[in-house]
Structures are given as structure tokens and as C-alpha cells.
Amino acid sequence: MYTWNENVSGLICLRCERVYEVGDYATGCPDCLQAGFPVSLALQYKQVDLKQDHKATGLMNYKAMLPYQTFPTLGEGATPLLALDTLAQELGLGRLSLKNEGQNPTGSHKDRMSPLAVARAASSGFDTVVAASTGNQGTSLAAYAARAGLRCVVVVTQSVNPIWLQAMIQTGAQLVAVNQAKDRWAYIKERVCEDGWFPVTNYIDPPVGSNPYGVQGYKTLAYELVEQCDPSPTVIVVPTSRGDLLWGIWEGLKEAHRAGMLTELPRMVAVEPFPRLQAVQNGMDYRQNFAGESSLLPSISGTTVTYQALQVLQQSQGLAVAVSGEEAERAQVRLGQEGLYLERSSATVLTAVEKLVQEKRIGADDRVVMIGTSNGYKEMTLREPYTSYLLEPESSGN
């Protein structure tokens, strides 16, 4: 149904570096998992080929470094990089920009992953795709599954935002609601093992990243940044849950570096709602659960991290920054004053940058790119009644 990229040679474990034949490994590296270390696999290519197809747009422009040459598309990718000169001046940075992923078809970066995950499912003969989601992933997967004619099941919790629910329902997804976030993984595991559904997201604990074919789509964000930034960024700040986007951007940057298109690799900064990766960098085991509050930041919530996210920070000499929901609300308002309406979880990037400036970890010599992962139009954020924001018409004085 969709055209396979013959440049793909196999899949490699991020930890032990064992190479596997092309296939579906939903729980990551079998050897590492057996040894008690859940670790994601990544696709390997015979050669780095960043030759662009200028007749195409968005993700299709970079199909030489994606697992499929064709895939269901809704016009994803090619999102704008916006200079924030006023904020850069306020913070004393050399340059500050925001990559606005909210301009993707369903309003988030997930639209870079869903097309390739769906292409893999359809090409492998699956008729049902399933994902655990707080909203963005389910909304995106539902749309792309509909585009490809596949059945889509999204497993959510009872607290999921009704705006996201409506979007998933309207694009044909079947919704299954469970009580706790980790109950989603148990349900998906059961359906994958018993019914043969195709899992797009993780379902084991401790977790691995999402479907490796889908995660390849995030590399295209890096390719776009290489084209859009001159000179290249020194720091990239990414809202992070289990690190799919963080890893995909880093992998794309490394490929661009190997191809001679990038002379300097940036530091990667993962933004999280409470110390998780930060705790691991301070010596805790990445496989454990971490306690903290994340209810106001559902898109980066969860008590776990992944090996792939930790690896990015190690390789890039990067770090994790914890941002609370209340801090994110203030950042959301400040970005709104720049004309940018971001989801609260996405707005965390601004607070993270402010903290890095205060700690003197970044400064006037730095060129910082924040990844705005999702727009705010799908999110209910105002705590006061909406009527409290409505003003009476002013008198004309006549």
C-alpha cells in the first residue's frame, strides 16, 4: 500500500547496539528487555541521504531518510520558525526563536509521527491501530488512521479534555476509558497480544518509546531547523514526557551533522513537570517511577522516563529542567502577548529558558530554539468563569 524505503537496513538497539532485521518490535530491544533494561530501537540506513525532493512539501520533502517513501498525509510539517526578538532582548540572549508545531494539521508535533506509524501498520497488514493518549496523540492518530482507512482505538483516562475527545470522535476513533494512566498500558498489551492490534505507543512498564517507524518522523523537524537557522542554534528546548520528540530531533541533527550540513551540534534541554530525567542525571535509576504533580501539564505527564531521553541528554551534554503547572500558566500568558497561543504543556519551554538564564547556563552567546509542540485551541485553561472576562460595551458619551 505504501512504498518502503530500500535505504533502511535494519533496526539498532540504542543501548547494546545489536542490529535486528526489519520487523516490528513494540517492546524495544528483546535482548535488553530480557536483561531488565527496556530500551528503544532505531532504524538504520545504508547511507545518510538528505537530498531533498523539492517537488514535495513537508515530510515528503525528506522521504529519503524516512522508512516509507509514501504515507498518508494531511499536509504536515514545514512549520514556521518565529523570531522572538523582544523576549530575547529581555532575557539577554543572542537569539530566541520558537518552532510552532501547533501549525500542523491536528495542532501538534504528533502529526510528524502518525503518518509513518500508520503507514507501517497498513503495510504490515494490520487493520487496527491503538494508542494511549492524553489528547494530542489520539487526535493525530485518529485523523491519519481515517486517512488511511484503518480502525483506530484510543485509550484515555476519565479526565481527558472534552475538546480532544470531540476531535477523536469526529475523525472516527473508538475511545476506551480507564481509571488510571497506567491502566491504559495494560489494556493495550492485552489487545495487542490477544487481538493482534498494532501499538503506536508504549505499553510496558518501565516504558520504551513509541513505535520506532513513527518516531522517525520527528527527524524532519531537525532537518527543517537546519534550513531555517543560520547560524545554527546552540540550545534546543523541548517539552518532554518519554522523549520521542527529543530523541527524533537529536537523531535528525546528528544525521545533518554527518552529512556536513551542520557544523555544531546544540545542547538539548528536556522540559518536564517535576524532576524525573533531572533525578536520573543525579544518579537515580531510569527504570524506576518518580513522584510529582503534573495534572496541569497532561501532555508531558507521567511518572516514568525512557532510556532514549536520557541518552540524548548524555550525548548532547544537555540537561532537564522542571517547570510546574503554575509556572507554565504564566508562560502561556507571556507568549500570548507575543501572539502565540500555546498549550500549557508546550508553554513550559519559556519558563525553562528563563530558569536557564537565571542560573547562567545560557546567555548572550546562545541562539535558543524553543519547540512549541502544540497550540492552545484544544485546551480548557481558564479557571474563572468565562463570563468574568466579558466587559460591558463602553458608552459612546452621547
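The values are calculated or read from the model by the stated rules, or taken from the named source; none is laboratory data. Keep in mind the model is a prediction, meaning the values are calculated, not measured. Here Cβ is always computed from backbone atoms with ideal geometry, including for glycine, and neighbour counts include all displayed protein chains. Ligands, DNA and RNA are excluded from the accessible area calculation, which covers all protein heavy atoms including side chains. Shrake-Rupley method; radii C 1.70, N 1.55, O 1.52, S 1.80 Å.
Restricting attention to the stretch 336-376, the residues that are more than 20 Å from the chain's Cα centre (by Cα) and of a type in the set (A, V, I, L, M) add up to 4. If you go through the stretch 212-235 one residue at a time, do you hit one that is closer than 30 Å to Asp366 by Cβ, assigned to a strand (DSSP E or B) and open to solvent by less than 20 Å² (accessible area, probe 1.4 Å)? So far as the stretch 212-235 goes, yes, one or more of its residues are closer than 30 Å to Asp366 by Cβ, assigned to a strand (DSSP E or B) and open to solvent by less than 20 Å² (accessible area, probe 1.4 Å).
Sub-7 Å Cβ pairs linking a first residue in the stretch 308-331 that is over 21 Å from Pro38 (Cα atoms) and open to solvent by 20 Å² or more (accessible area, probe 1.4 Å) to a second residue that is of a type in the set (A, V, I, L, M, F, W, C) and part of a helix (DSSP H, G or I), at least 6 apart or interchain, are Leu319/Leu313, ordered by first then second residue. Applying the criterion of being in a helix (DSSP H, G or I) and not small (Gly, Ala, Ser) to the residues of the stretch 274-289, the residue that is most open to solvent (accessible area, probe 1.4 Å) is Gln281. Among the residues of the stretch 11-33, is any farther than 20 Å from Ala259 by Cβ, open to solvent by 20 Å² or more (accessible area, probe 1.4 Å), among the charged types (D, E, K, R) and in contact with a Lys or Arg (Cβ under 9 Å, 6 or more places away or on another chain)? The answer is yes; a qualifying residue exists.
Does the stretch 38-57 contain at least one residue that is at positive phi and either at pLDDT 95 or above or touching a Ser or Thr at 6+ places or on another chain (Cβ under 9 Å) (or both)? I'd like the intermediate steps shown before the answer.
So in the stretch 38-57, the residues at positive phi come out as none.
Scanning the stretch 38-57, I find no residue that is at positive phi and either at pLDDT 95 or above or touching a Ser or Thr at 6+ places or on another chain (Cβ under 9 Å) (or both), so the answer is no.
Please verify whether Leu59 is under 27 Å from Glu255 (Cα atoms), open to solvent by 20 Å² or more (accessible area, probe 1.4 Å), in contact (Cβ under 8 Å) with a residue 60 or more places away in the chain and within 17 Å of the chain's Cα centre (by Cα), treating the condition exactly as stated. Working first, answer last.
Working: under 27 Å from Glu255 (Cα atoms): yes; open to solvent by 20 Å² or more (accessible area, probe 1.4 Å): no; in contact (Cβ under 8 Å) with a residue 60 or more places away in the chain: yes; within 17 Å of the chain's Cα centre (by Cα): yes.
No.
Take Tyr2 and tell me if it is more than 23 Å from Gln311 (Cα to Cα) and either open to solvent by 70 Å² or more (accessible area, probe 1.4 Å) or part of a loop (DSSP other than H, G, I, E, B) (or both). It is true that Tyr2 is more than 23 Å from Gln311 (Cα to Cα) and either open to solvent by 70 Å² or more (accessible area, probe 1.4 Å) or part of a loop (DSSP other than H, G, I, E, B) (or both). Hey, any hits in the stretch 203-211 for a residue that's under 21 Å from Glu272 (Cα atoms), among the charged types (D, E, K, R) and part of a loop (DSSP other than H, G, I, E, B)? The answer is yes; a qualifying residue exists. Cβ separations smaller than 6 Å between residues 6+ apart or across chains give the following pairs from the stretch 18-45 residues that are in contact (Cβ under 8 Å) with a residue 24 or more places away in the chain to residues that are of a type in the set (Lys, Arg): Val39/Arg15.
Checked against (1) open to solvent by less than 20 Å² (accessible area, probe 1.4 Å); (2) over 27 Å from Thr57 (Cα atoms); (3) assigned to a loop (DSSP other than H, G, I, E, B); (4) among the aliphatic types (A, V, I, L, M), Leu296 meets all criteria but (1). One residue stands out among those in the stretch 175-203 that are of a type in the set (A, V, I, L, M, F, W, C), within 24 Å of Trp247 (Cα to Cα) and touching a helix residue (DSSP H, G or I) at 6+ places or on another chain (Cβ under 7 Å): the one that is surrounded by the most Cβ atoms within 10 Å (Cβ to Cβ), which is Val200.
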